[in-house]
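Student: Okay, handing you the structure first.
The values are calculated or read from the model by the stated rules, or taken from the named source; none is laboratory data. Because the structure is a prediction, the values reported are computed rather than measured. Here Cβ is always computed from backbone atoms with ideal geometry, including for glycine, and neighbour counts include all displayed protein chains. Quick note on the areas: whole protein, heavy atoms, side chains included, nothing else; ligands and nucleic acids left out. Shrake-Rupley method; radii C 1.70, N 1.55, O 1.52, S 1.80 Å.
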Amino acid sequence: QVQVVESGGGLVQTGGALRLSCVASGLAFDTYTLGWFRQAPGKEREFVGFITRISSSYYAYFAKGRFTISRVNAENTVYLQMDYLNPKDTAVYYCAARTGGGNIKSTLYPFWGQGTQVTVAS
């Protein structure tokens with residue numbers, strides 16, 4: 001069965017950086033679009049960015065210039081590099097997978113990980 005597992009979350013100071021990893025197994029990884037989403041306490045889940053099977057990426061406005069998504073197909077892994085973090089970035093970060101092209105709608109991703117907590121201290 002498909003499994004999606006995120007890791008790499010933690011506590012970081014404002015201005016710091018974190019790299020999240022996501023390993024997806026049980027699927028033809030190189031044919032999938034991988035998306036990152038986040039959910040802060042009391043807020044709805046929101047789109048962060050995605051990377052398509054041809055490594056084309058797209059980011060939410062708040063992520064542009066600070067976050068970078070990359071993938072290593074040979075390792076079934078996608079990364080979310082987050083730089084210049086601030087307290088507004090505090091959330092649970094989720095990795096999701098879908099066939100087809102990129103999409104910002106979470107409902108179009110059938111496979112999800114359990115999430116990893118990112119906390120940015122002021």
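Student: What is the P(r) of the stretch 1-54, as percent of Cα-Cα pairs per 5 Å bin from 0?
Tutor: 4, 14, 20, 25, 21, 9, 6, 1
Student: Just to be sure I understand the model, the point goes 7 Å from the Cα along the line to the Cβ. What's the resulting residue 66 to residue 17 distance in nm?
Tutor: 1.5
Student: Next question. Remind me, relative contact order of the stretch 46-88 in percent, using alpha carbon pairs under 8 angstrom and six or more residues apart?
Tutor: Working: 47 pairs, mean separation 12.2, N = 43.
Reported as a whole number, the value is 28 percent.
Student: If you don't mind, another one. Pairwise over distinct Cα atoms, reciprocal of the mean inverse distance: report the Kirkwood radius of the stretch 39-87 in Å, one decimal place.
Tutor: The Cα-based Kirkwood calculation yields 12.0 Å.
Student: For a quick check, take a GNM of the chain with Cα springs below 10 Å and name the residue from 78, 48, 92 with the largest mean-square fluctuation.
Tutor: For the chain, modelled as a Gaussian network with Cα springs under 10 Å, the answer is 92.
Student: With contacts defined as alpha carbon pairs under 8 Å and 6 or more residues apart, what's the relative contact order of the chain in percent?
Tutor: After rounding, I find 36 percent.
Student: Roughly how many percent of the accessible protein surface of the stretch 1-59 is carbon and sulfur, given a 1.4 Å probe and a whole-percent answer? Write out the running numbers ahead of the final one.
Tutor: Numbers: 1470 of 3070 Å².
About 48 percent, which is the carbon plus sulfur part of the accessible surface.
Student: Also: Magnitude of the Cβ-charge dipole of the chain, K/R +1 and D/E -1, about the Cα centre, nearest 20 debye?
Tutor: It comes to approximately 240 debye.
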